[in-house]
Amino acid sequence: MMQRFSGRTALVTGAGQGIGFSIAERFAAEGAHVVLADIQEPLLLDAEERLKSSGYSVSRRRLDVSQPDQVDQVVESIAQERGTIDILANNAGIAWEEPFLEIKDDNWRKMLDVNLNGMFYVAQRTARHMKDHGGGVIINMASTNGLVGEAKYAHYNASKGGIVLLTRTMALELGPVGIRVNAVCPGYIQTPMSEAIDDPEFVSGYVKHHIPLGRVGKPQDVSGVFAFLASDDAAFIHGECIVVDGGQLAF
Ligand code: NAD
């Protein structure tokens, strides 16, 4: 494995499972010290143990990204402990199906609170620190659902569409202070999140009709792109949203 992140500290939110865990594993395998952050403590403990047993340098913070006070505390404590936060994978998110006409106000708020507000709190606090400590790289987790609509996901789609323009605007304001910002837009990736929503029969039909590469994505398909964007190989990529969907949006 290349060692593109030796000596760097990376913060990964939603690192307890799924794509976030895979991003943490990849960054650590390439030499970063990775701070795993997640709202679910048992997942966090398990993730930390798995990565440590692979010989990687990791630590953990329990964090609900939708709580700005917690975000303040966690970013401050990592900055104190590590000196710099060089890379942020702003990944934590939630999703569920709900027809537009039935969305409850509380559910709308919850979705936006975690997926959009949470992403803003973590990005802003981390960027403030990066600005004063030599810059850094931020990668926000959007989705193909931030670029095109999907029925029964109005709240999720709105949150992810918001992340796309948050990313572009952050790029305009943060590029000049040495912070490179991009987003990743995955399509259908097999994780606990997608497994909770769809049954296997639905998935095989979906793949046949919608994904030219003929399979759903793996978390590693996405974490490799995060690693690329975080690395100096992507030094001139800024304000971009990279689609990782097996060709789904090519239709
Ligand atoms: P997942 O549910 O498997 O994992 C998400 C992790 O985020 C969990 O460990 C969870 O505990 C954590 N989390 C949830 N709310 C949190 C909060 N308030 N604060 C901190 N952590 C919190 O999901 P995943 O499929 O790995 O998705 C990760 C990201 O990728 C999400 O932003 C999701 O929207 C996005 N995404 C997923 C897919 C897909 O098909 N799986 C496609 C496009 C985008």
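In the neighborhood of H155, defined by Cβ-to-Cβ distances under 15 Å, what is the net charge if each Lys or Arg adds +1 and each Asp or Glu adds -1? Numbers along the way, then the final one.
On the way: positive: K104, R109, K110, K152, K160; negative: E97, E98, E102, D105, D106, D113, E150.
My count for the surroundings of H155 gives -2.
Work out how much length M193 to R62 would gain on full extension: take 0.36 nm times their residue separation and subtract the Cα-Cα distance, in nm to one decimal.
Residue separation times 0.36 nm, minus the Cα-Cα distance, leaves 45.2 nm.
Evaluate the distance, in nm, between pseudo-label points positioned 7 Å from the Cα of E81 and of M2 along their respective Cα→Cβ axes.
2.8
Can you tell me the order of 200-206, 23-29, 127-133, 116-122 when each peptide is scored by its average per-residue count of other Cβ atoms within 10 angstrom, highest first?
Averaged packing, sorted descending, gives the order 23-29, 116-122, 127-133, 200-206.
Which whole-number percentage describes the relative contact order of the chain, with Cα contacts under 8 Å and a sequence gap of 6 or more?
On the way: 496 pairs, mean separation 47.9, N = 251.
Result for the chain is 19 percent.
Given a 1.4 Å probe and every protein chain left where it sits, what share in percent of the accessible area of the range 9-250 is carbon and sulfur?
Heavy-atom surface of the range 9-250 belonging to carbon and sulfur, 1.4 Å probe: 52 percent.
Roughly speaking, what is the centre-to-centre gap between the range 1-63 and the range 161-221 when only Cα atoms are used, to the nearest Å?
One Cα centre to the other: 20 Å.
Pick out, from P42, Y206, M119, the residue whose Cα sits farthest towards the positive end of the charge dipole of the chain, with +1 on the Cβ of Lys and Arg and -1 on the Cβ of Asp and Glu.
M119
Could you give the dipole magnitude of the range 9-250 about its Cα centre, charging the beta-carbon of Lys and Arg +1 and that of Asp and Glu -1, in debye to the nearest 20? Walk me through the numbers before you get to the answer.
Working: 20 positive and 31 negative charges, 84 e Å.
Dipole magnitude for the range 9-250 comes out near 400 debye.
Give me the net charge for the shell around F202: Cβ to Cβ below 12 angstrom, other residues only, Lys and Arg +1, Asp and Glu -1.
Cβ neighbours under 12 Å give a net charge of -4.
Do the alpha carbons of any pairs in K52/K110; K52/K160; K110/K160; K104/K152 sit beyond 23 Å of each other, and which pairs?
K52/K110; K52/K160
Quick query: amide H of R61 versus all other amide H atoms, modeled in the peptide plane; which residues come in under 5 Å with a sequence gap of 5 or more or a different chain?
Those qualifying (amide H under 5 Å, at least 5 residues apart or on another chain) are L36, A37, D38.
Based on the alpha carbon coordinates of the range 9-250, what radius of gyration and maximum Cα-Cα distance (Dmax) apply, in Å?
Both quantities, over Cα of the range 9-250: 17.1, 51 Å.
Per-residue counts of other Cβ atoms within 10 Å, averaged by peptide: what ranking do you get for 154-165, 227-238, highest first?
Highest to lowest by the protection proxy: 154-165, 227-238.
The values are calculated or read from the model by the stated rules, or taken from the named source; none is laboratory data. The structure displayed is predicted, hence computed values, not measured ones. Note that each Cβ is placed from the backbone with ideal geometry, even for glycine, and that neighbours are counted across all protein chains shown. Note: accessible area is taken over every heavy atom of the protein model, side chains too, but ligands, DNA and RNA are not part of it. Shrake-Rupley method; radii C 1.70, N 1.55, O 1.52, S 1.80 Å.
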